[in-house]
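In what follows, a single structure is set out as structure tokens and then discussed.
The values are calculated or read from the model by the stated rules, or taken from the named source; none is laboratory data. Since we're looking at a predicted model, the values are computed, not measured. All Cβ positions, glycine included, derive from the backbone under ideal geometry; neighbour counts span all protein chains shown. Quick note on the areas: whole protein, heavy atoms, side chains included, nothing else; ligands and nucleic acids left out. Shrake-Rupley method; radii C 1.70, N 1.55, O 1.52, S 1.80 Å.
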Amino acid sequence: MMPADYQTRLFQLSGLRCASCVQMITNRLRQLPRTQEISINFANQHLSISSALSSEEIIQAVQSVGYQAALIREEGDLEKMAKQERRDFFELLLKSVIAACLGAVLMVIEWFHFLPLSTHWASQMSWMGIGFLTLIIMFYAGGHIYQAFLKQLRYFKTTMDSLIAIGTLTAWFYSMVVIAIPMMIPTLARHMYLETALFILAFINFGAALEMRAKGKSNESIRRLIGLQSKTARVIRDQQEQFIAIESVVLGDVVRVKPGEKIPVDGMMIEGHSTVDESMISGESMPVKKQVGDAVIGTTINKTGSFLYRVTKIGKDSVLGQIIAYVERAQATKPAIGRLADRIAAIFVPVIILLAITTAFIWYFVGPEPKVAYMLVTSLSILLIACPCAVGLATPISLIIGIGKAAERGILIRHGEALQQSAKLTILVFDKTGTLTKGQPEVQTVLTANHFSVQQILQYAASIETLSEHPLALAVVQSARDRKLSILPVDQFDALPGLGVEGIVDNHSVKIGNLKWMQSLQLDLGELSHRIDTYTKLAHTLIFVVIDQVVAGFMTIADAVQEEALLTIQKLRANGLRVLMLTGDQEATAKAIAFQVGIDEVMANVLPQHKADRIKQLQQQGEVVGMVGDGINDAPALTQADIGFAIGAGTDIAIESADVTLLGRSLYGITQLMTISKATMKNIKQNLWGAFVYNIICIPIAAGILFPWLGVLLNPIMASAAMALSSITVVVNASRLLTSRIEMKG
């Protein structure tokens with residue numbers, strides 16, 4: 001149990017470049033006293049930490065390892081951070097453009113020999129000036145990469161940043177040696193790589209800008225959640241109704257809410273009665289009846305009556321405040337996905353450096369004269385040929401094509417990590433209302449008795465229900481309209497709370513109500529009584545229709561199941577995934593829907609703030625969890641899950657909290673995405689290994705392995721061709737995704 005003086009706080013980090021950065025900060029924070037529950041989300045660069053230390057002490061600890069941190073206190077902080085992210089995004093784009101432009105100019109100069117390299121002082125001075133201009137642009141465009149490299153060097157870590165820094169700086173240094181003292185370099189190895197260094201930085205910055213754009217949307221769900229709250233409340237003070245800002249509402253205030261209005265804050269009803277749409281919070285599709293003594297929740301919608309309630313919770317203690325807190329916590333604790341390129345680089349970079357040093361020693365001790373020249377050429381050539389042109393392309397180009405492939409199928413992916421992780425899912429968790437079901441009550445069945453017809457029952461019922469305020473009345477009216485039945489005039493309409501409604505239609509006395517009313521009227525249900533249990537077990541609501549004191553039949557109303565839900569779940573299970581339902585609705589209804597779609601595991605009556613906990617429990621069991629939902633109540637769980645799938649027809653909050661959006665309400669996209677994800681990951685691995693194979697082949701040549709037999713070192717033309725060919729191979733291989741099959745086998 002956490003000590004009383006510990007506080008859980010959320011910080012925005014900056015400067016994180018890879019999983020190694022996360023590890024360095026985590027290791028430093030673990031050294032702090034009176035600190036626990038440290039969690040960093042690389043995707044949005046949030047740090048969640050429970051500590052008795054001050055925020056300043058935590059920030060100083062982060063700064064001590066070369067990174068920045070800022071405490072997130074309120075919505076305004078998120079807005080400031082969003083603006084800063086936008087500025088950083090455009091700065092990265094500018095760096096990419098400037099580096100690419102100068103690189104293009106240098107490439108044209110070299111290709112067309114506008115400024116030939118020679119030993120003449122004027123030529124050398126011109127190229128020296130170009131070299132130092134290149135260095136300035138390199139540090140402008142790649143300063144953050146070189147700083148990250150120095151941080152990693154301090155802690156003996158190597159990543160893609162290490163490859164980029166070593167490769168680009170080596171390319172510049174080698175080029176300057178060729179310019180300044182060309183006689184030290186063998187003729188075949190006299191080639192400059194200034195434009196190569198610039199193009200690498202341009203590509204890397206462009207990819208980082210796109211990644212930052214995706215990350216910048218990660219806080220949008222919290223901003224939208226905060227924006228859900230009403231701006232004002234109708235409060236009764238000094239026996240007068242007055243509108244006041246929501247920030248001015250205090251505990252104990254009495255608030256009036258009228259039909260159709262949003263309930264401003266949490267409280268308890270003290271006068272009146274109504275029905276309230278709580279689907280966005282509870283997930284229950286049917287509006288809930290409220291009377292004196294019942295709790296009401298802020299942001300839910302009052303459907304019918306006007307009532308008074310007393311405020312019992314505000315701010316962070318309210319249900320919405322708790323959901324926001326859970327979303328923030330889930331964002332901070334969501335496990336970061338390791339980068340395959342970084343994992344390979346962690347091994348590849350030290351090996352390359354060791355090879356370069358070993359080669360230098362070999363040439364110095366056993367090589368021919370001039371030993372220093374051969375030592376310099378071979379060791380720098382190794383570092384140069386290892387520069388990650390194709391490696392830098394390998395992952396992003398496959399992800400871009402994979403994301404585009406998904407978009408063609410109506411699957412919108414927020415960031416590349418979501419596409420990579422989808423292939424690893426072991427369990428899919430579905431919300432019920434609006435996800436597996438359509439989210440709206442509909443008339444499912446009409447059973448008749450005593451020779452009445454379905455058309456007559458529906459027409460009479462719809463005619464009366466047009467005057468009713470009951471939340472299920474619209475379903476009856478809509479069913480009649482779908483059958484093109486006319487609405488008849490109604491006389492002597494009357495509503496009996498808790499029982500039903502009645503009136504005169506076409507000179508016939510008509511009563512529409514529940515089983516309790518039928519039993520109190522002592523009406524003979526006849527053969528219908530044998531069918532009641534069947535539909536009750538399916539969690540359908542039964543509405544009886546009585547015409548002239550004779551039971552004409554009953555209608556069953558329920559939230560209809562999505563057409564493709566059963567087939568989707570069958571495919572998921574056939575492909576080895578575990579499937580379960582997680583809902584705030586009552587257990588009987590949840591199990592009835594689960595039975596219809598083929599789900600065996602059901603977790604019902606789960607509050608929004610507890611949904612994320614259930615997801616976390618599954619993750620702690622070793623599951624890679626996907627969550628599918630559409631409502632505000634799903635936001636914490638969507639954020640906590642390894643991959644959150646939002647239904648495109650759902651709420652903006654769900655969409656912003658999720659990693660993947662399925663346009664419309666179709667669930668087919670889940671199986672299609674998993675197929676695309678597997679194909680993309682296979683393609684990425686092929687690209688990476690292919691790129692490294694080129695390096696592995698060329699590195700021995702760069703080291704001079706052919707020199708004893710052929711008397712030649714690495715030909716710069718061969719190096720350029722190998723680098724170009726590796727990049728072309730990566731592009732061609734990634735393009736195969738365009739023709740890959742997307743239907744999941746099952």
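What distance in nm lies between label points placed 7 Å from Cα along the C-beta direction at Gln549 and Ser509?
0.6 nm
Please give the net charge around Val501, taking every other residue with its beta carbon less than 12 angstrom from that of Val501, where Lys and Arg add +1 and Asp and Glu add -1. Could the numbers behind the result be given before it?
Details: positive: Lys511; negative: Glu465, Glu469, Asp494, Glu502.
Cβ neighbours under 12 Å give a net charge of -3.
For the pair Arg30 and Gln7, how long in nm is the line joining their label points, each one 7 Å along Cα→Cβ?
2.6 nm
For Leu566 and Ser126, calculate 0.36 nm times their separation in residues minus their Cα-Cα distance, and state this gained length in nm to one decimal.
Between Leu566 and Ser126, full extension yields 151.3 nm more.
To the nearest 0.05, how large is the calculated FRET efficiency for Glu261 and Ser64 if R₀ is 56 Å and r is the Cβ-Cβ distance? Don't skip to the answer; put the middle values down first.
On the way: r = 52 Å, r/R0 = 0.93.
About 0.60, to the nearest 0.05.
What does the accessible area per residue of the stretch 598-699 come to in Å², with a 1.4 Å probe and no ligands, DNA or RNA counted? Intermediate results must be reported in sequence, preceding the final value.
Details: 3240 Å² over 102 residues.
The answer is 32 Å² per residue.
Per the 1.4 Å probe, what fraction of the accessible area of the stretch 482-618, in percent, lies on carbon and sulfur atoms? Write down the numbers at each step before the final one.
Working: 3260 of 6710 Å².
Solvent-exposed carbon and sulfur of the stretch 482-618 make up 49 percent of the total.
May I ask you to derive the FRET efficiency for Leu133 and Met183 from their Cβ-Cβ distance with R0 = 30 Å, giving the value to the nearest 0.05?
Working: r = 24 Å, r/R0 = 0.81.
In this case the efficiency is close to 0.80.
Given the Cα-Cα distance of Lys678 and Trp709 and 0.36 nm per residue of separation, how much length would full extension add, in nm? Intermediate results must be reported in sequence, preceding the final value.
Numbers: separation 31, 0.36 × 31 = 11.16 nm, distance 4.56 nm.
Computed gain between Lys678 and Trp709 is 6.6 nm.
With every protein chain left in place, what is the accessible area per residue of the stretch 482-585 in square angstrom, probe 1.4 Å?
49 Å²
Could you calculate the FRET efficiency of Asp524 with Ala574 from 1/(1 + (r/R0)^6), where r is the beta carbon distance between them and R0 is 51 Å, rounded to 0.05?
Values: r = 49 Å, r/R0 = 0.96.
Once rounded, the FRET efficiency stands at 0.55.
Assuming 0.36 nm per residue, please report the length gained on full extension of the stretch Cys101 to Phe365 beyond their Cα-Cα distance. All intermediate terms of the calculation are to be shown ahead of the outcome.
On the way: separation 264, 0.36 × 264 = 95.04 nm, distance 4.30 nm.
Additional length available on full extension: 90.7 nm.
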